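Structure record follows, encoded as structure tokens.
The values are calculated or read from the model by the stated rules, or taken from the named source; none is laboratory data. Since this is a predicted model, take the numbers as computed values, not measurements. Here the Cβ positions follow ideal geometry from the backbone for every residue, glycine too, while neighbour counts run over all protein chains shown. These accessible areas exclude ligands, DNA and RNA; they are computed on the full protein's heavy atoms, side chains included. Shrake-Rupley method; radii C 1.70, N 1.55, O 1.52, S 1.80 Å.
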Amino acid sequence: MADPLLEAMPNRAALLDAEGLVIAANRNWLSPPDCDPPDAPPRRPIGSHYVAELSPRGPGDEVGSFVAGVLAVLDGRRSRFEYELSRDGPRGRCWYAVQVSGVAGTQRRVLVTEEDVTSRRRAQEALSASENQLRTIITGAPIVLFSVDPDGILSLFDGLGASGLGVSPERVVGRSVFEVFAHVPQMLTAVRKAMAGETAVTSAPIGRMTWELRCSPAVAGDERLEGVVGIATDITERARIERLKNEFVSIVSHELRTPLTSIRGSLGLLEGGVAGELDIRIKGLVRIALSNTERLIRLVNDILDLDKIETGKLELRSEVLDPIRLTEDAIAEISGYATESGVSLVREFESACDVRGDRDRLLQVLINLLSNAIKFSKPGDTVTVEIEEISPGTVRFSVCDEGPGIAEDQMPKLFRKFSQLDESATRSAGGSGLGLAISKAIIDAHGGGIGVESQLGVGSRFHFALGESVNDLPQRRFRAESTPIDTSERPRTGDPTKDSLYELIDNSVVLIGTPTLGEGDRPLTARLSRRATGLARQRGMPVMARSKLIGLGNALGALGTSKTAADERDHRQALAEALRALEEEVRSLR
């Protein structure tokens, strides 16, 4: 082999004779490696022995293995040898991927090439260190990381918290999440939402522990859904503290309300002159005490309302309401406060359909929004109340002010409980920080939505929308409901497996179009759920069909146990998704 061929090679290259002496080399070979100073002499110059200066430091040393491999090629016992070798120098350690190959010819010759792989090796070490660090975090923190493929099969389940979930990682990977966690409906609901492209966060008691579950869609670069990734965090202690705090606040509030009501009544009697005419200064003090007592009672009532909402004890009395009449009642109650504050109330009402809801609670929301608007307005400002039917059966109520406005970074705080904004004007206005949180909970309980638009220095616009009924509001549709499900009977194929699955689909699809479940429908959902589970356990059932059957069984079971109209609607959507997924799988069976 001629020297020009060695020079054409991009890596360090040299030619050895049968004794292992370097007889030719390219410039890269004769240059010092990166671990040596730039002016250092070459380590293996022409005429030197390639392995003579290498001596193993022990039986398992890498140098010994390398020398043995090179000698085997020199002796003709091997035609080729590859090895990754490290070299230490004043500037650190370098790694080389070394290839030693015999060269055919009359004289025995060996070609040696050395490729510098230091950057790759360091990147691998950094990746390994990062993986080890992540592994330490996963195995040392009370969390569980999990991933689910598009068919609902768990592909990852790892973390110290796995034992708290009552499952063993090695036993659940490869199984359907809908089977493993059939006893945790909150988790299955979150997984379904993530499979529909929506991030879901929920909490669930599992055994003696409470977990926060966060599921997000895993989306590929082409926007294709690849499954779900999630994390479960142990929040048992946080939930316990929150429960104790809520219980304490509830008890204290209940104990305060009775004496406060008595104090308010007594102060009212004093102010009214029942005990005789009061001195002007004393009457002023009584009026201040009465005002603050009423404020404290409102705070206690807000706390009790919030307690009812968070414990699910808030009862709504549904009735048909005229939105204009409802708003006029709210304005009538707040008009005294507006007059006292020098604020004008302007009505901009359009004709709108009736809405259904709890009059007292919706009045509470309107009064709260009006009170806030007046509170943050200057004397002479105008607060505008708007009503409009934004779509058939859906009415939007809006309260607009000319106050200081709300900064963008403060928006997320608005509907949190005990949360007030940082602006000095906001703090000086006072308030418990509960009004908007309660308003949002009430509107959510009605199946509506509440929001805000604001601009600093211009004002704010709070609004909420209500439908004639929760079923009339725009609903999020699952991908499985993008087209109507065929309600006609599926043709039978003569294949027992396919026909049994088609029969299950035909019997279940009738539940999709049912406006509300009747008493006879709930036993049907239970029977169909058991049938789906039984088919999933049937010997010979394809794995993918089994996964879809488990999902269908869970969807049927959840629908049959729905407590509210909103739950029933969501579970019916999940059922539609499960039916379409199963039907697609049946069609693909051979």
Of Lys245/Lys308; Lys283/Lys375; Lys193/Lys308; Lys193/Lys548, those spanning more than 19 Å from alpha-carbon to alpha-carbon: Lys283/Lys375; Lys193/Lys308
Prolate/oblate/rounded call for segment 4-124, Cα gyration tensor, a/c under 1.5 rounded: oblate
As a check on your grasp of the helix formula, calculate [θ] at 222 nm for the chain: sum -39500 (n - 2.57) over DSSP H runs of n ≥ 4, divide by the residue count, round to the nearest 500. -14000 deg cm²/dmol
Which percentage, to the nearest 5, of the DSSP beta bridges contained in the chain is antiparallel? 95
If you filter segment 247-294 for GluC sites (Glu not before Pro), then keep DSSP loop positions with at most 10 other Cβ within 10 Å, what is left? Glu277
Taking a probe of 1.4 Å, how large is the accessible area per residue of the chain, in Å²? 53
Of the accessible area of the chain, computed with a 1.4 Å probe and all protein chains kept, carbon and sulfur make up a percent value of 52
Helix 62-74 versus the longest principal axis of the chain: what is the Cα-based angle in degrees, 0 to 90, to the nearest 10? 40
May I ask for the angle, rounded to the nearest 10°, between helix 435-445 and the longest principal axis of the chain, with both axes built from Cα atoms and the value confined to 0 to 90°? 80
Pair Tyr337, Ser48: separation of 7 Å Cα→Cβ label points (nm): 8.9
Please list 337-346, 391-400, 176-185, 376-385 highest first by mean number of surrounding beta-carbon atoms within 10 Å per residue. 176-185, 391-400, 376-385, 337-346
Checked segment 167-228 against the a/c 1.5 cut and the a/b vs b/c comparison, axes a ≥ b ≥ c from its Cα gyration tensor; verdict oblate
Under the rule a/c < 1.5 gives rounded, and otherwise a/b versus b/c splits prolate from oblate, where does segment 195-284 land using the Cα gyration tensor? prolate
Length gain on complete extension for the stretch Val346 to Ser266, per 0.36 nm per residue less the alpha carbon to alpha carbon distance? 25.1 nm
Share of alpha-carbon pairs per 10 Å distance bin for the chain, given as whole %: 3, 12, 15, 15, 13, 12, 10, 8, 6, 3, 1, 0, 0, 0
If you fit an axis through the alpha-carbon atoms of helix 565-588 and take the longest principal axis of the Cα set of the chain, what angle between them do you get, 0 to 90°, nearest 10? 30
Square roots of five times the C-alpha gyration tensor eigenvalues of segment 319-467, ordered largest first and given in whole Å, equal 24, 17, 14
Only loop residues by DSSP count here, and only those with at most 15 other Cβ atoms within 10 Å; note down the trypsin sites (Lys or Arg not before Pro) in segment 245-317 that meet that. Lys313, Arg317
Can you spot the aspartates and glutamates whose alpha carbon is less than 16 Å from Lys440's alpha carbon? Ignore those fewer than 8 places along the same chain. Asp302, Asp305, Asp307, Glu310, Glu315, Asp358, Asp360, Glu453
Tell me, how many Å apart are the Cα centres for segment 323-395 and for segment 64-101? 84
